[in-house]
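The values are calculated or read from the model by the stated rules, or taken from the named source; none is laboratory data. The structure presented is a predicted model; accordingly, all values stated were derived computationally and were not measured. Every residue, glycine among them, receives a Cβ derived from its backbone with ideal geometry; neighbour counts consider all protein chains shown. With ligands, DNA and RNA removed, areas are computed over all heavy atoms of the protein, side chains included. Shrake-Rupley method; radii C 1.70, N 1.55, O 1.52, S 1.80 Å.
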Amino acid sequence: MLTILDKYILKRYLATFAAMLLMFIPIGIIIDVSEKINFMIENKVPFLAVVIYYYHFTVYFANALFPIFLFLSIIWFTSKLANNTEIIAILSSGISFTRFLRPYFIGATIISIFVLLMGFYVVPVSSEGFNNFRYTYLRRDGKERMRGDNTDVYRQLNDKEFLYVSNFNPASKMAFNFALEKFDKEKMVSKITASRIRWNEKDSTYTLYDYTKRTVGKQGDKLEALPEKNVKFKFELEDLTPVVYIAETLRLDKLIDFIDKEKKRGSSNINVYLVVLYKKFSVPVSAFILTIIAVAVSSMKRRGGMGMNLSIGIAVAFGFVFFDKIFGVLAEKSTFSPFVAVWFSNFVFGILAVYLLRNAKR
């Protein structure tokens, strides 16, 4: 059962966090509009597309800066409690510091579950809308850049099939210098080549130009050559070079399936996808860690008052985000473990939280 004190602190916890979001999100939108208004006018972006973009921007922005908003909101209202000597009165009544933290943990649980569900279902949709708009309207050659490098594409489709194209054009659904090799263990079974391959949306087939198929046999190879042939394959050309932000746009179940499929294909971007997956779980956990740090830092009256607590809070919050971004990029660009990179900030600041909590109890 929640006591009056629990309800009072929990209400302040959630209300201040909501107020922090409502205060900073409009500021973020204004800054973004001021930076991109010229591109929007130049590219004659439809007004409805802009409105939809800023809905996605709001979700994307709030999710990305969620740790900072949460941390500062707790610092803010807990410092007010300390300055009004309310915390001293609460602890003097016989309530332990651990019991005092109970409504904070309840609030962190509510926000963590909310962020977790948002990350599973809502944020992927907004990430897709946010990134599609940026690459379509706000970046020069954005439609080409959104798929990364489209030249010399090698893909392992499954355990037996390997595919290569020298160049892929997503707009025309066409690839050049196509080759598809099939193996049985280490022995080649067949090889299909074509100068061009084009996707036919009407019947879900591919048209291969200058088609050649070589089938390896014990008694000799069989060769089939045609100027043009329609063939059905199990892969899609767009799978050759998925958009650079594909992992951010997938719900949890689809993201897990996508990563499994990309591992079998030997994708070089596995670490990027794993970072996105692990962050869906690490970010909600950070709510508890940042809550403990914020309460420990701001629960005591300090010379300098709320300003000093906010200064400390801002430094810690940006330190958390800094480590999170640095190690995330390190994992994406190197062989560094994505799991360690994503959870490193929580581990380091978790130790800091335990240390500060012990001192705060004293």
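Please report the relative contact order for the chain, taking Cα pairs under 8 Å with a sequence separation of at least 6, and give it as a percent rounded to a whole number.
Normalised by residue count, the contact order of the chain is 19 percent.
Taking the full set of protein chains and a 1.4 angstrom probe, give the accessible area of LYS261 in square angstrom, rounded to the nearest 10.
80
If you find the alpha carbon centre of region 18-50 and of region 79-117, how far apart are they in angstrom?
If you average the Cα positions of each part, the centres end up 35 Å apart.
Semi-axes, largest first, in whole Å: what does sqrt of 5 times each Cα gyration tensor eigenvalue give for the chain?
Listed largest to smallest, the semi-axes of the chain are 54, 23, 15 Å.
Would you work out which of SER92, PHE162, ILE25 lies farthest towards the positive end of the dipole of the chain, given +1 charges on the beta-carbon of Lys and Arg and -1 on that of Asp and Glu, about the Cα centre?
Value: SER92.
For labels at ILE110 and LYS185 in the simple 7 Å Cα→Cβ model, what's the distance in nm?
6.3
Would you mind getting the accessible area per residue of region 153-241, heavy atoms of the protein chains only, 1.4 Å probe, in Å²?
For region 153-241, the per-residue accessible area is 64 Å².
Roughly how many Å² of THR98 are accessible to a 1.4 Å probe, to the nearest 10?
The value for THR98 is about 80 Å².
Using the beta-carbon distance between GLU86 and LEU48 and R0 = 45 Å, what value does 1/(1 + (r/R0)^6) give for FRET efficiency, to the nearest 0.05?
0.40
Below 8 Å between Cα atoms, with a sequence gap of 6+, how large is the relative contact order for region 153-241 in percent?
21
How much of the pair distance distribution for region 153-241 lies past 22 Å, counting alpha-carbon pairs only, in percent?
Tail fraction, whole percent: 25.
How much accessible area per residue does region 255-341 have, counting only protein heavy atoms and a probe of 1.4 Å, in square angstrom?
I get 48 Å² per residue for this part.
Protein chains only, probe 1.4 Å: how do ILE52, ILE29 rank by accessible area, largest first?
So, going from the largest accessible area down, we get ILE52, ILE29.
Would you compute, from DSSP H runs of 4+ residues alone, the mean residue ellipticity of the chain at 222 nm, taking -39500 (n - 2.57) per run and dividing by the full residue count, rounded to the nearest 500?
Calculated from helices alone, the mean residue ellipticity at 222 nm is -20000 deg cm²/dmol.
In sequence order, what are the phi-derived ³J(HN,Hα) couplings for region 69-79 according to the Karplus relation 6.51 cos²θ - 1.76 cosθ + 1.60 with θ = phi - 60°, rounded to whole Hz, with x for glycine and proline?
4, 5, 4, 5, 5, 5, 4, 4, 7, 6, 4
May I ask you to give the percent of accessible area on the chain that is carbon plus sulfur, with a probe radius of 1.4 Å?
Summing carbon and sulfur atoms, their accessible area is 61 percent of the total for the chain.
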